[in-house]
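Below you'll find the structure, written out as structure tokens, and then a few comments.
Please treat every number below as a calculation from the coordinates, not as lab data. Owing to the predicted nature of the structure, the values given are computational and were not obtained by experimental measurement. Note that we place each Cβ from the backbone using ideal geometry, even for glycine, and neighbour counts take in every protein chain shown.
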Amino acid sequence: MFYVIKQFDSEDNDNYLISFMWDSYRDSLINSLWGNFVYLLILTTAFTLLPAIWLTRYLRKPLRLLGNHFEQIAKRNWKEPFHWKGDEDFQKLSDQFELMRQNLIRHDKAQKTFIQHASHELKTPIMVVKTYAQSVKDGILPKNTVEESMDVILQEANRMDKRVKDMLYFTKLGAMKTETINRERISFGELAYRLEERYRIQRPDLSFVIQGAEIQFHGDLEQIQILLENLIENAMRYAETGIWISAKQSLHHVTLYVENDGEPIPEDERHAIFDPFRKGNKGQYGLGLAIVKQIVELHHGEHHVENSKGRVSFQMTIPDHE
């Protein structure tokens, strides 16, 4: 038995309050509380464990399928598409995965195409150099003299050197897409006249006209120079009498123009003229215009080509800010 005695005062005499509890009542109370606790514990476990089991089974199948597809992607096997029908969230995830898969396929295809074209570009000059060198070694002169035969070898070596430099620079620009370019103030006239002096020697029959020489703008000097070089070299292959190099400035942009009076570009070819290794109407492959496109995109600008007023006009518009 448990008991408690408490004294309290009254007017006549002392009074006591006695409280007691039998052991059996205590044991009954404890057992009752323990039973309720166990019941609540079982009930709580059921309410938490059953949804967890259901959620595990619900997520297992799509996650397993997604994991299998990621494993295939890691092995460069991305032929099989992935589409999940059902839960909206998993469907969105599968759509993003499918978009990634298609981007990888396009990148892989572009990479293989690049390697194939690069091999083709280097194969011809290597064969010429090898053939001419072997002939000279054997005492057979493909040309009239040793000097003329060696000139051909040097020309092909220079051609091969330019192809290799273009491919390396094209790859370098591709790796710079997430980087910030180094902008500096550029004097268009100073750059244009320097290039005109260099290229006039190669085509003395052409007239070079420069307009907007007073314009100054901001950009990566090395990249802008290569952009103009490639556009001028392309124009020189097709120009008949002249090349026009100009710049026009607006409030926040500058547009660079390189034009020639050669044959117009067919309408069905204009959309693909900036693609890598695109074959021109004179049968030449190259990366020049593809490099131009990448430089403009690195400057967050726009590229455009059109046939206008008897000329083929290449127009590169880039933002003008520091």
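Backbone amide hydrogens, once placed in the peptide plane, bring D220 within less than 5 Å of E184, excluding anything fewer than 5 places away on its chain. Ordering T317, T113, T178 from the fewest to the most neighbouring beta carbons within 10 Å gives T178, T113, T317. Using the beta-carbon distance between L104 and M236 and R0 = 41 Å, what value does 1/(1 + (r/R0)^6) give for FRET efficiency, to the nearest 0.05? Given R0 = 41 Å and the Cβ-Cβ separation, E is 0.60. When each of the peptides 192-200, 45-53 is scored by how many other beta carbons lie within 10 Å of its residues on average, the order from highest to lowest is 192-200, 45-53. Work from the charge dipole of the chain (Cβ charges, +1 for Lys and Arg, -1 for Asp and Glu, about the Cα centre) and give the residue of V152, S32, I291 farthest towards its positive end. Of the candidates, V152 comes out farthest on the positive side.
Mean sequence separation of contacting Cα pairs (under 8 Å, at least six apart), scaled by the length of the chain, corresponds to a relative contact order of 11 percent. Kindly list the residues of the stretch 100-115 that lie in the label zone of I73, defined by a backbone N under 11 Å from the point 7 Å along the Cα-to-C-beta vector. In the stretch 100-115, the label zone of I73 (backbone N under 11 Å from the point 7 Å along Cα→Cβ) covers 100-105. Each listed q (0.15, 0.22 Å⁻¹) maps to a log10 I(q)/I(0) for the stretch 89-175, found by the Debye formula over equal Cα scatterers with no solvent: -0.71, -1.00. Between E179 and S119, the distance separating the two model label sites (each 7 Å from Cα on the Cα→Cβ line) works out to 3.0 nm. As an exercise, use a Förster radius of 25 Å and the Cβ-Cβ distance of E297 and L93 to find the FRET efficiency, rounded to the nearest 0.05. According to the calculation, E is roughly 0.25. Can you list residues whose amide H is under 5 Å from R278's amide H, if they're 5+ apart or on another chain and H is modeled 1.01 Å from N? Residues meeting the criterion, in which the H sits 1.01 Å from N, are G286. Think of it as helices only: each DSSP H run of n ≥ 4 in the chain is worth -39500 (n - 2.57), and spread over all residues that comes to -19500 deg cm²/dmol at 222 nm. Modelled spin-label separation between T131 and Q225, with each label point placed 7 Å from Cα along the Cα-to-Cβ direction: 3.7 nm.
In this structure the amide hydrogen of H253, modeled in the peptide plane, comes within under 5 Å of the amide hydrogens of D320, none closer than 5 places in sequence on its chain. Relative contact order for the stretch 131-259: what percent, with Cα pairs under 8 Å and sequence separation of 6 or more? Contact order relative to length: 20 percent.
Taking label points 7 Å from Cα along the Cα-to-Cβ direction, E80 and R270 give a separation of 4.6 nm.
Comparing T113, L43, I232 along the charge dipole axis of the chain, the residue lying farthest to the positive side is T113, per the Cβ-charge model. Take every pair of alpha-carbon atoms less than 8 Å apart whose residues are at least six positions apart; their mean separation over the length of the stretch 184-319 yields a relative contact order of 22 percent. Between helix 146-175 and the chain there is an angle of about 20 degrees, using the helix long axis and the longest principal axis of the Cα atoms. Taking a straight Cα-Cα cut-off under 25 Å and skipping sequence neighbours fewer than 8 places away in the same chain, the lysines within cross-link reach of K61 are K75, K79, K85, K92. Taking the Cα atoms only, what angle lies between the long axis of helix 221-238 and the longest principal axis of the chain, rounded to 10 degrees? Relative to the chain, helix 221-238 is tipped by roughly 50 degrees. Shown for E80, E222, E156: other C-beta atoms within 10 Å of each C-beta, ranked fewest to most, produce the order E80, E222, E156.
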